[in-house]
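Everything on this sheet refers to the single structure shown next.
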Amino acid sequence: MHLKINSQTLADALKKVEKVVNVKHQIPILHGIYMEATEQELILIASDSTESFRYHVPVDGENLEVIELGKIVLPKQVSEISKKMKKDIDMKLDGFKLSLKSGKTEFDLNTFEPEEFPKLPAFDIEKPTVTLKGTDFNDFIKKTAFAASDSETRPILTGVCLDLNDNGLNLISTDSHRLGQVKAEATNDSSVKLVIPAKSLDKLAKTVDMQEELHFYCESDNQLIFRSGALIFYCRLLEGNYPDTSRLIPNDFKSEMKINRKEFLNALDLVKELANNADNGKGGVVKLHVNGAATISSHTAQAGKGTVVVDYESLEGEDDYTISFSARYMIDALKAIDDDFVNFKFQGPMRPFLLTPSESKFEELQLILPVRTM
């Protein structure tokens, strides 16, 4: 293999795939990045055996020129080296020794056997299961993935449930203490229900150009493929049945308060420091008392007491109640909502409450379970 490539082009391409490389993986070949030079393109693949990125760089004669076809598995260090090189890079393979030359800089690196690198499954690129705007899907991830569990006690709860049916697209996640859900219209030819690891979605959101359309390919019961432009992401699905969360979401409320989201968020940020002090920064419990205004407070024997009053915009129903909850959960939920105002829907001091945007192009909600306090 022999090629000449612009250093920034190579650095950008490696950055697209390297997030899944784990140099501590028990399979040594996965410590590297697969590269194949063809007449039309340069293909880069990285994998940790459960997630894989594949990226294509077209041969244009300017940023990339392929002199000799071939394949190789690069050591991950090539990514850092390419970032620091400012000129075009000449890459030439001799056996398992890779030569990198750029100006007066030269490296000779040991490589891996490319035939040992695991093959990715083929799929029909013309028939995606569903196609979404990248910006919309990025919003969906933002509004749901954070609410998934980070505990392996119930592995199915570490994922986001994607349910595509005649009613559209529904994404939901919960750790059994909070829940995030978003529903949207989607054009599809088939119905699917699957659970995607939340960490995989976070990785996808940080890598994919969300200005591109995002195509989903559900090729098997245990794998989902995403394609966005020249980037393809493969991830393994979680096995098992996702719990029926519809029965957790209340429909009737004693009170609905409309309040400025940023003011509510700033108030919680202020009092959470006292609350965190009581439980070593694990989230902190704060109290909300609604009576003519919204009063957020924290009172601990160790740190003392703090109170912030926020005037609400409007209120329907009961105007005298108190509820306690995790400050971290509430802050996460408020950050997931984009509207200037949120509706705080109260059902009872020990019943789940909802946060919804006053206006949104999607149907969305955040649910939080209250905390019992003395």
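The values are calculated or read from the model by the stated rules, or taken from the named source; none is laboratory data. The model shown is predicted, which means the values in this text are computed figures rather than measured ones. Here the Cβ is made from the backbone with ideal geometry for all residues, glycine too, and neighbour counts use every protein chain on show.
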So, first residue at negative phi and among the aromatic types (Phe, Trp, Tyr) in segment 119-137, second residue surrounded by 14 or more Cβ atoms within 10 Å (Cβ to Cβ) and at pLDDT 85 or above, Cβ within less than 7 Å, six or more apart or across chains; the pairs are Phe123/Tyr217; Phe123/Ile225; Phe137/Leu214
(1) surrounded by 14 or more Cβ atoms within 10 Å (Cβ to Cβ); (2) over 32 Å from the mean Cα position of the chain (by Cα); (3) within 27 Å of Glu364 (Cα to Cα) all hold for Phe253 apart from (2)
Looking across segment 334-374 at residues that are loosely packed, with under 15 Cβ neighbours inside 10 Å and among the charged types (D, E, K, R), the single one that is farthest from Pro250 (Cα to Cα) is Asp340
Listed by first then second residue, the pairs whose first member lies in segment 344-355 and is outside the structural domain of Asn260 (by TED's automatic domain parsing), whose partner is among the charged types (D, E, K, R), with beta carbons under 7 Å and at least 6 positions apart or on separate chains, are none
Selection from segment 64-77 of residues of a type outside the set (S, T, N, Q), out of contact with any helix residue (DSSP H, G or I) (no Cβ under 7 Å at 6 or more places or on another chain) and closer than 17 Å to Thr111 by Cβ yields Glu68, Leu69, Gly70, Leu74, Pro75
Checked pairs for segment 284-295, first of a type in the set (Gly, Ala, Ser), second surrounded by fewer than 20 Cβ atoms within 10 Å (Cβ to Cβ) and assigned to a strand (DSSP E or B), C-beta under 6 Å and 6 or more apart or across chains, list as Ala293/Val309; Ala294/Val310
Residue set Ala186, Ala145; condition in a loop (DSSP other than H, G, I, E, B) and either within 24 Å of Gly229 (Cα to Cα) or at pLDDT 95 or above (or both); output residue Ala186
Reported set for segment 45-60 where residues are surrounded by fewer than 21 Cβ atoms within 10 Å (Cβ to Cβ) and either farther than 20 Å from Ser82 by Cβ or touching a strand residue (DSSP E or B) at 6+ places or on another chain (Cβ under 7 Å) (or both) is Asp48, Ser49, Thr50, Glu51, Arg54, His56, Pro58, Val59
Meets criteria (outside the structural domain of Val310 (by TED's automatic domain parsing), hydroxyl-bearing (Ser, Thr, Tyr) and closer than 22 Å to Phe146 by Cα) for Ser173: yes
Here the residues within segment 354-364 that are closer than 19 Å to Glu263 by Cα and either of a type in the set (Val, Ile, Thr) or part of a strand (DSSP E or B) (or both) are Leu354, Leu355, Thr356, Pro357
